[in-house]
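First up is the structure itself, then whatever we jot down about it.
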There are 2 protein chains.
Amino acid sequence: MTRPSEITRDRILKAAERLFAERGYDATSIRAIVARARVNQAAINYHFEGKEGLYREVLRTAFRGLTEDQIAHADETAGLPREEALAAFVRRQLRPLSARDETSRHMRIFNWETVRPTPVFRKLLSEEAASFMGLTTNLVHRFLPEADQRTLSVAAIWLLGQCSIFVRNREQLAGPPVSLELDETAVDWLAQLLSRWTVQGLGTGFGRA
Amino acid sequence: MTRPSEITRDRILKAAERLFAERGYDATSIRAIVARARVNQAAINYHFEGKEGLYREVLRTAFRGLTEDQIAHADETAGLPREEALAAFVRRQLRPLSARDETSRHMRIFNWETVRPTPVFRKLLSEEAASFMGLTTNLVHRFLPEADQRTLSVAAIWLLGQCSIFVRNREQLAGPPVSLELDETAVDWLAQLLSRWTVQGLGTGFGRA
DNA sequence: TACGTTTTCAAACGAGAGTTTGAAAACGGA
DNA sequence: TCCGTTTTCAAACTCTCGTTTGAAAACGTA
């Protein structure tokens with residue numbers, strides 16, 4: 001419980017979070033982490049009982065951070081009209097495109113997991129993602145008051161999918177053939193576009209069944 | 001140019017395609033491929049000059065297959081009303097959810113690439129994805145006749161994002177907290193839902209700017 | 001200060017990856 | 001059939017990975 005050991009532990013966590021966010025679990029080596037944290041290689045096993053234990057810790061931190069972030073955000077937008085609440089939600093989902101802060105890193109770590117979920121993540125997800133999904137479901141519920149639960153779930157995922165593809169593929173989209181460069185103002189513009197389409201999409205159209 | 005060597009080559013390609021689709025490039029080992037193809041380990045280096053060369057070949061095949069598939073599909077739906085054309089497009093994008101055919105495998109291989117694109121893929125993409133994007137852009141163009149090129153690109157990606165999140169995360173969505181099981185009829189239902197929301201979303205709403 | 005505990009460190013270990021090797025086998029035209 | 005070429009094969013090589021080891025250093029308390 002002494003101080004200096006906490007410092008080492010913290011340096012490892014910080015370095016690991018950055019590298020995991022950048023490259024994902026598999027592509028991040030123990031050696032890369034200790035080089036960045038400037039600690040001895042054995043320190044990871046000493047403090048976290050291996051790479052997986054370290055990752056679990058990083059994942060937990062990211063999860064806590066994101067949940068708090070989302071809950072805080074939900075509180076802020078609770079009083080807004082549904083259209084504005086949705087627009088704010090979309091803008092927040094697109095945040096990793098324009099910011100390189102802690103929250104963006106956490107979202108990036110989760111993005112990696114959507115491809116090949118580690119067992120650690122699967123467990124965390126099934127235990128704690130309910131509140132996450134709940135917030136998004138509530139948001140779309142305001143547009144689909146009479147929909148059943150399954151439709152609401154699909155709508156929530158639909159909403160997340162629209163945002164995540166831009167976040168996940170930013171680098172590729174910047175190149176040919178799309179050449180979509182996304183600076184700060186472009187992200188604002190994109191968020192508005194997506195919000196409008198989503199609001200209209202979920203709006204009770206008079207169209208086909 | 002003799003026959004028997006072509007057989008070995010083909011067995012490797014078939015086994016590799018299946019494994020790459022299933023696990024992605026990194027998680028697929030040379031040894032797993034040769035075990036499945038029942039050929040000698042050195043055969044891959046002999047015929048393809050290494051794992052990367054083999055992957056390049058698989059990727060090319062997948063790309064050709066998908067492009068042909070999409071072009072054929074575009075021809076079929078060219079005469080349809082825009083709403084039906086879009087519905088058919090969405091249904092086709094969701095195909096890997098219900099089918100385990102060659103095309104679905106090809107789409108899966110590409111899904112892996114959207115996370116950490118291999119250099120091989122980046123090159124292929126920038127050279128040949130134009131026609132791909134073009135088809136999708138044309139589709140949304142029928143709903144947004146006056147939009148500029150950048151908006152059309154975003155709309156096309158938006159459309160792809162809505163579909164891909166369900167394809168990519170099928171397994172996770174099946175578990176808690178979402179518990180969205182997608183059998184054949186559920187996929188049809190999902191495709192209809194997504195189509196409706198998209199059509200309404202892109203439809204000229206009278207709402208906010 | 002002295003001593004038991006905690007923490008750091010350099011080095012080595014074993015498993016798994018992709019690749020290389022050189023000989024044996026199969027092939028095919030003369 | 002014979003012989004140069006193509007193709008297969010088992011084994012070994014090299015590299016990187018995560019982990020382990022055992023001693024040295026730092027620490028905190030009596």
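Here, each number is a calculation from the coordinates, and none is a lab measurement. No experiment lies behind these values; they were computed from the predicted model shown. Here the Cβ is made from the backbone with ideal geometry for all residues, glycine too, and neighbour counts use every protein chain on show.
The phi-based Karplus calculation (6.51 cos²θ - 1.76 cosθ + 1.60; θ = phi - 60°) puts the 3J(HN,Hα) values of the range A:56-67 at 4, 5, 4, 4, 4, 4, 4, 5, 4, x, 5, 4 Hz, whole numbers, x for Gly and Pro. Specify the inter-centroid distance of the range B:161-188 and the range B:98-134, based on alpha-carbon positions, in whole Å. So the two Cα centres are separated by 20 Å. Stokes-Einstein, applied to the Kirkwood radius of chain A over Cα pairs at a viscosity of 1.567 mPa s and 4 °C, places its translational diffusion at 69 µm² s⁻¹. Inter-copy label distances at B:ILE30, shortest first and taken from points set 7 Å along Cα to Cβ: 2.5 nm. Relative to the longest principal axis of the C-alpha atoms of chain B, give the angle of the C-alpha long axis of helix B:184-202, reported between 0 and 90° and rounded to the nearest 10°. It works out to around 50 degrees. Per residue of peptide B:189-200, the mean number of Cβ atoms on other chains within 10 Å of the residue Cβ is 5.
Find which of B:ALA156, B:TYR46, B:LEU66 sits farthest along the positive direction of the dipole of the protein assembly as shown, computed with +1 on the beta-carbon of Lys and Arg, -1 on that of Asp and Glu, about the Cα centre. About the Cα centre, the residue reaching furthest to the positive side is B:TYR46.
Compute the relative contact order of chain A as a whole-number percentage, counting only Cα pairs closer than 8 Å that sit 6 or more residues apart in sequence.
23
For the protein assembly as shown, the direction-averaged projected area of the alpha-carbon convex hull comes to 23.2 nm².
Comparing A:ASN169, A:SER29, A:SER104 along the charge dipole axis of chain A, the residue lying farthest to the positive side is A:SER29, per the Cβ-charge model. For the range A:76-209, a simple Cβ point-charge model (Lys and Arg +1, Asp and Glu -1, everything else neutral) yields a dipole of about 360 debye relative to the Cα centre. Taking the Cα centre of the protein assembly as shown as reference, the dipole from Cβ charges on Lys and Arg (+1) and Asp and Glu (-1) amounts to some 1220 debye.
Here the gap between A:SER179 and A:ARG23, fully extended at 0.36 nm per residue and compared with their Cα-Cα distance, gives a gain of 53.9 nm.
Looking at chain B, identify the longest residue range that excludes and avoids all trypsin sites (Lys or Arg not before Pro) in DSSP loops having at most 13 other Cβ atoms within 10 Å. Could the numbers behind the result be given before it?
On the way: sites that count: B:ARG38, B:ARG100, B:ARG142, B:ARG208.
Here the longest run is B:143-207.
Radius of gyration over Kirkwood radius for the range B:86-204, both on Cα atoms: the Rg/Rh ratio is 0.98. The simple spin-label model puts a point 7 Å past each Cα toward its Cβ; for A:ASP101 and A:GLU49 those points are separated by 3.5 nm. Distances between copies of A:ASP183, taken at a point 7 Å out from Cα along the Cα→Cβ vector and listed shortest first: 5.3 nm. Within 10 Å of the Cβ of each residue in B:160-169, the mean number of Cβ atoms contributed by other protein chains is 6. Would you mind checking the tilt of helix A:82-93 against the longest principal axis of the Cα atoms of chain A, expressed as 0 to 90 degrees and rounded to 10? It works out to around 30 degrees.
For the range B:1-134, a simple Cβ point-charge model (Lys and Arg +1, Asp and Glu -1, everything else neutral) yields a dipole of about 640 debye relative to the Cα centre.
Placing a label point 7 Å from the Cα of A:SER126 along the Cα-to-Cβ direction, the distances to the matching points in the other copies come to 4.3 nm, shortest first.
Dividing the summed -39500 (n - 2.57) terms of all DSSP H runs of n ≥ 4 by the residue count of the protein assembly as shown sets its mean residue ellipticity at 222 nm at -24500 deg cm²/dmol.
Among the GluC sites (Glu not before Pro) in the range A:150-200, which ones are in a DSSP loop with at most 13 other Cβ atoms within 10 Å of the Cβ? Mind listing them?
Qualifying residues, ordered by number: A:GLU181.
With axes computed from alpha carbons, what is the tilt in degrees of helix A:102-113 against the longest principal axis of chain A, rounded to the nearest 10 within 0 to 90? Taking Cα atoms only, the helix is inclined about 90 degrees.
Distance between the C-alpha centres of the range A:42-69 and the range B:13-34: 30 Å, rounded to the whole angstrom.
What sits nearest the axis between copies B and A, counting only chain B Cβ atoms, is the residue and whole-Å distance B:GLY201, 2.
Restriction of the chymotrypsin sites (Phe, Trp or Tyr not before Pro) in the range A:122-209 to DSSP coil positions whose beta-carbon has at most 15 other beta-carbons within 10 angstrom yields A:PHE206. Each label was represented as a point 7 Å from its Cα along the Cα-to-Cβ direction; for A:ALA35 and A:THR61 these points are 2.1 nm apart.
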